Amino acid sequence: MHFLQPYWRKYRRLFFLALLFLALEAMADLAQPALMAQIIDRGVKERSVSLLIHYGLWMLLITLGGALSACMRNILSVHVSQNFAKDLREDLYRSIHHFPIATIDHFGRATLMTRLTNDVTRVQTFANGTMRVMMKAPLIGIGSLIMAVRLNPRLSLILLAIIPVIACWILLNVKLSAPFYMKVQQALDQLNLRLQDYLRGVRVVKIFNRSREEVKRFAVDSQNLGQLSVSAARVGNFFGPLVTLSVNAGILAILWFGAIGVDDGTMQVGTVIAFTNYLMQILFAIMIVNNAFNLFVRAKASTERINAIMRCSQPKKLIHKPFAAMEDEGTLEFQDVFFHYPETVNNWQLQDISFRVESGQMIGISGSVASGKTTLTRLILRFYDVDSGSILFDGRRIDSFSVDILRQRIAIVPQAPRLFSGTIRENICWGKPGASDAEVKRAAELAEADPFIRRTPLGYQSQIGQGGINLSGGQKQRLSLARALIRNPELLILDEATSAVDALTDKKIRRNLKSMGKKVTILMITQRVAALREADQIIILDEGKIEAVGTHHQLICSSPYYKTICEAQSPVGGECHG
């Protein structure tokens with residue numbers, strides 16, 4: 001996985017230092033059975049107190065060294081794994097920020113959240129385990145085998161017969177477990193998606209008394225995750241006892257042949273005890289290796305999922321010309337644009353769209369539901385790229401701009417604004433970090449938000465609840481408009497931006513926008529005829545195509561749809577005849 005290389009370069013020195021202390025700890029563990037054999041075979045057998053003290057002090061000294069090495073290894077492993085996870089999590093979050101909307105839609109928000117949290121934690125756990133016990137296991141295993149061969153080559157043949165059998169069990173475990181753990185992560189994604197859907201729509205759920213149904217749906221996904229987790233664990237639990245059985249069979253064989261050797265005088269008791277201790281250490285090493293492979297399988301699945309995000313975050317290398325003022329500054333033009341969303345290949349959202357907006361103009365866009373109005377705004381902001389045709393801003397194709405520069409010069413006010421926890425002032429300053437109090441107040445006045453802000457106890461320092469929960473829909477829309485206006489954009493997109501505002505306030509907002517004169521070009525998506533009347537030009541969309549273009553008076557005669565909404569909003573016919 002190439003994306004891990006920067007982290008490896010950053011932490012490899014500390015990683016190897018942790019392994020050095022781990023190796024010292026392993027050497028201390030390996031020395032103790034050999035010293036115990038000397039205590040029994042020489043000190044006890046010869047009844048020598050001096051030998052007992054000599055070997056006892058050596059055991060105490062080696063144990064102390066092993067304990068100090070273990071402490072240093074723990075400190076280093078925690079430091080490396082925690083900081084590695086922090087860096088990986090931050091880089092992953094930064095990568096997601098650079099995703100186009102189409103990529104976010106492709107992955108899904110629930111799986112992105114899971115990969116950012118659960119998958120990173122799995123990789124961190126594996127990295128920490130590698131420095132704590134996983135690398136110790138092969139050192140202990142190989143070292144114990146060498147020490148056992150030195151003690152008694154004949155008994156070592158038993159180990160050479162058992163180890164290949166155990167290796168087969170472990171390899172089978174890895175091969176069979178891997179697919180299960182990938183499915184477990186996918187099931188966790190689905191569970192997170194279900195939870196997100198519920199939390200986003202909790203009010204709707206309660207209004208329609210659907211809590212019981214939602215609990216059932218969550219239970220189904222939870223049960224699926226549980227069943228897959230049990231299946232994955234069952235595979236590991238099946239092979240674990242087989243490994244233990246194989247090692248215990250080896251211990252029985254060693255005790256059997258060791259007893260025969262002691263009885264006929266070819267072996268000593270201390271040697272048999274030391275040999276058994278080394279075999280127990282080999283058992284410990286094998287069990288650790290078995291568990292390590294289980295963690296490796298999970299970490300591998302998580303690493304592949306993280307790598308998929310990192311691959312998608314590789315930015316395209318584009319050469320961007322420096323911005324310079326142009327004659328067409330503030331203009332917007334669509335030229336024969338066709339577009340469909342990635343998941344709807346055979347369903348065009350926009351077909352053959354061509355129009356031009358001059359600098360400083362106010363253009364109204366209207367149409368029925370799913371006619372492509374909001375899709376237009378997403379293309380202008382390059383949330384998606386067109387399939388054919390081109391979009392020009394300031395006389396240049398928008399894909400020749402860097403995305404950051406393009407979005408700095410365009411502001412959008414969506415129908416459903418998203419506010420963030422913090423003060424009113426902080427939310428408005430999202431549009432222009434570091435804005436002065438005068439700029440904040442001016443933007444709020446243009447958006448007709450200043451009157452209700454001043455009525456709050458703390459004014460611009462009043463706190464906004466999560467998602468603007470303590471504000472009305474109209475108040476949230478006006479704050480969202482202020483956030484856009486403080487940027488002084490060249491192009492302002494209003495996507496049903498005042499749909500929750502009363503008619504009088506809406507009229508005041510339009511008057512304020514007109515007072516800005518030629519400073520800003522306005523693209524206004526709305527169904528309100530009162531607003532469309534004031535547009536320099538109106539574009540009517542129908543099923544992704546332009547049905548008609550013209551002024552209010554022209555469209556009353558040429559567009560059946562426009563005439564219909566006029567009549568619906570003015571029963572006496574006043575709007576229909578100007």
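The values are calculated or read from the model by the stated rules, or taken from the named source; none is laboratory data. As the structure is a prediction and not an experimental result, all values here were calculated from the model. Because the Cβ atoms are built from the backbone with ideal geometry, glycine has one as well, and the counts that use them run over all protein chains shown.
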- Could you check, for segment 308-329, whether at least one of its residues is under 29 Å from ILE96 (Cβ atoms) and modelled with pLDDT of 90 or more? no
- Criterion (of a type outside the set (Phe, Trp, Tyr) and without any contact (Cβ under 8 Å) to a residue 40 or more places away in the chain) met by exactly one of ARG109, ARG150, ARG122, ARG115: ARG150
- Quick count over segment 494-518, residues being within 24 Å of ARG356 (Cβ to Cβ) and surrounded by 24 or more Cβ atoms within 10 Å (Cβ to Cβ), is 2
- Task: Please enumerate the residues belonging to segment 251-297 that are farther than 30 Å from GLY129 by Cβ and of a type in the set (Gly, Ala, Ser).
- Result: ALA253, GLY258, ALA259, GLY261, GLY265, GLY270
- Query: Restricting the search to segment 524-536, which residues are surrounded by fewer than 18 Cβ atoms within 10 Å (Cβ to Cβ) and in a loop (DSSP other than H, G, I, E, B)?
  - Reply: GLN527, ARG533, GLU534, ASP536
- Message: Residue under question is SER368, and the condition is that it be modelled with pLDDT under 90, in contact with a helix residue (DSSP H, G or I) (Cβ under 8 Å, 6 or more places away or on another chain) and more than 28 Å from PHE355 (Cβ to Cβ); does it hold?
- Response: no
- Note on the structure: When every residue in segment 24-53 that is over 22 Å from PHE275 (Cα atoms) and in a helix (DSSP H, G or I) is compared, the one modelled with the lowest pLDDT is VAL49
- Task: Output yes when any residue across segment 263-286 is closer than 30 Å to PRO138 by Cα and at pLDDT 80 or above, and no when none is.
- Result: no
- Message: Of the residues ILE142, ILE146, only one is within 19 Å of MET27 (Cα to Cα), assigned by TED's automatic domain parsing to the domain that holds ARG12, surrounded by fewer than 14 Cβ atoms within 10 Å (Cβ to Cβ) and at pLDDT below 85; which?
- Response: ILE146
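For every residue, the table says whether it meets (1) of a type in the set (Lys, Arg); (2) modelled with pLDDT of 90 or more; (3) assigned to a strand (DSSP E or B); (4) farther than 29 Å from GLN475 by Cα.
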{"residue": "ALA500", "(1), (2), (3), (4)": "no, no, no, no"}
{"residue": "THR505", "(1), (2), (3), (4)": "no, yes, no, no"}
{"residue": "LYS508", "(1), (2), (3), (4)": "yes, yes, no, no"}
{"residue": "LEU513", "(1), (2), (3), (4)": "no, no, no, no"}
{"residue": "LYS518", "(1), (2), (3), (4)": "yes, no, no, no"}
{"residue": "ILE522", "(1), (2), (3), (4)": "no, yes, yes, no"}
{"residue": "ILE538", "(1), (2), (3), (4)": "no, yes, yes, no"}
{"residue": "GLU547", "(1), (2), (3), (4)": "no, yes, yes, yes"}
{"residue": "GLY573", "(1), (2), (3), (4)": "no, no, no, yes"}
- Confirm whether THR103 is among the hydroxyl-bearing types (Ser, Thr, Tyr) and either loosely packed, with under 15 Cβ neighbours inside 10 Å or assigned by TED's automatic domain parsing to the domain that holds PHE383 (or both). no
- Message: Of the residues PHE393, PHE383, PHE355, PHE420, only one is surrounded by fewer than 17 Cβ atoms within 10 Å (Cβ to Cβ), among the aromatic types (Phe, Trp, Tyr) and either at pLDDT 90 or above or at positive phi (or both); which?
- Response: PHE355
- Within segment 454-478, considering residues that are assigned to a loop (DSSP other than H, G, I, E, B) and within 29 Å of the chain's Cα centre (by Cα), the one modelled with the highest pLDDT: ASN470
- Query: If the Cβ limit is 9 Å and pairs must be 6+ apart or interchain, which residue in segment 1-12 that is on the phi < 0 side of the Ramachandran plot and surrounded by 12 or more Cβ atoms within 10 Å (Cβ to Cβ) pairs with which residue that is among the aromatic types (Phe, Trp, Tyr) and assigned to a helix (DSSP H, G or I)?
  - Reply: TYR7/PHE84; LYS10/PHE84; TYR11/PHE84
- Going by the conditions given, is ASN277 crowded, with 17+ Cβ neighbours inside 10 Å, polar (S, T, N, Q) and more than 45 Å from the chain's Cα centre (by Cα)? yes
- Message: Looking for something within 22 Å of ASP495 (Cβ to Cβ) and free of Cβ contacts under 8 Å to residues at least 24 places away in the same chain - is there at least one such residue anywhere in segment 352-366?
- Response: no
- Item | Complete set of residues in segment 430-452 that are hydrophobic (A, V, I, L, M, F, W, C), surrounded by fewer than 21 Cβ atoms within 10 Å (Cβ to Cβ) and under 15 Å from SER462 (Cβ atoms) | PHE452
- Any chance ILE251 is in the same structural domain as LEU155 (by TED's automatic domain parsing), among the β-branched types (Val, Ile, Thr) and modelled with pLDDT of 80 or more: no
- Provide a single number: the residues in segment 259-276 that are outside any helix (DSSP H, G or I) and either in contact (Cβ under 8 Å) with a residue 60 or more places away in the chain or of a type in the set (Gly, Ala, Ser) (or both). 3
- Name the pairs: first residue in segment 51-79 and under 23 Å from THR121 (Cα atoms), second residue aliphatic (A, V, I, L, M) and surrounded by 16 or more Cβ atoms within 10 Å (Cβ to Cβ), Cβ to Cβ under 6 Å, at least 6 apart or on different chains? ARG73/ALA18; ARG73/LEU22; LEU76/LEU14; LEU76/ALA18; SER77/ALA18; SER77/MET131
- Message: Within segment 361-449, considering only helices (runs of 4 or more DSSP H) that don't extend past its boundaries, which have at least 1 residues that are in contact with a His (Cβ under 9 Å, 6 or more places away or on another chain) and in the same structural domain as LEU350 (by TED's automatic domain parsing)?
- Response: 403-408
- Which numbered condition trips up GLY226, out of (1) within 22 Å of the chain's Cα centre (by Cα); (2) within 26 Å of ASN291 (Cβ to Cβ); (3) of a type outside the set (Phe, Trp, Tyr)? (1)
